[in-house]
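Chemist: To start, I am sharing the structure in question, which I have written as structure tokens.
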Amino acid sequence: MVMTLLRIPVLLLLIGLQPLPVISAAAEQKTDYRVLILQYVEQDKVYLLENLRSRVTNKSEQTIINALLTEDGPQAARLFRKQLQDYPDPAFDSLSKARLAAYQSALSSTGASGKTVTKASFILQFGSFSSFENARELANRIAGYAPVTIFREQGMHKVRTQKTFGTRDEAEAGAKKLPFNSFIVRVN
């Protein structure tokens, strides 16, 4: 019994003297694919994300890539919501919000027959930038007040509301509620 009690401190001492495993700086530093993911999305080359899927270890990045690559609309919406709720990331939050709004808009623009209903609608535009980074910066500031998306048109990145308004008067009323300058754009 005395022998056993003496062994425990000796074992603990021996364990404590074992050298700690050496972890290289490269192993500690995880690769950040955020910029590359956003670049592929901005350039409309989402198919290139398939090459990144196996290398990504960050949960937010994994969820965004899976959402972007799925062809199942409801599943993509669930993944975008999961990213926003479980893995919030300022780099991806506006993208997830924009995709969710586009999905909701697509759902609401189809009638009971499943045929697309086309009618005039209006949105608010807050700015137009040649730089995607500048557009994203403005979109992130506005996102706290209203869901916005960055729409690329003729080489420019336009920051617009995700919500569409049925009439110009509704759009004007919506614009008055926001602390940002905007103008009304007719779509459809």
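Rule-based calculations on the coordinates, nothing more; no lab input. Since the structure is predicted, the reported quantities are computational estimates derived from the model, not experimental observations. In this analysis, Cβ positions are derived from the backbone assuming ideal geometry, glycine residues included, and neighbour counts consider all displayed protein chains.
Chemist: Go ahead and run the numbers for FRET between Glu172 and Arg152, Cβ-Cβ distance against an R0 of 22 Å, rounding to 0.05.
Modeler: Working: r = 26 Å, r/R0 = 1.18.
The value I calculate is 0.25.
Chemist: Mind scanning Lys59/Lys97; Lys82/Lys158; Lys97/Lys163; Lys59/Lys163; Lys82/Lys163; Lys59/Lys158 and naming the pairs with a C-alpha gap bigger than 23 Å?
Modeler: Pairs exceeding 23 Å: Lys82/Lys158; Lys59/Lys163; Lys59/Lys158.
Chemist: While we're on this one: In terms of Cα to Cα distance under 16 Å, which aspartates and glutamates are near enough to Lys177, apart from those fewer than 8 places away along the same chain?
Modeler: Asp169
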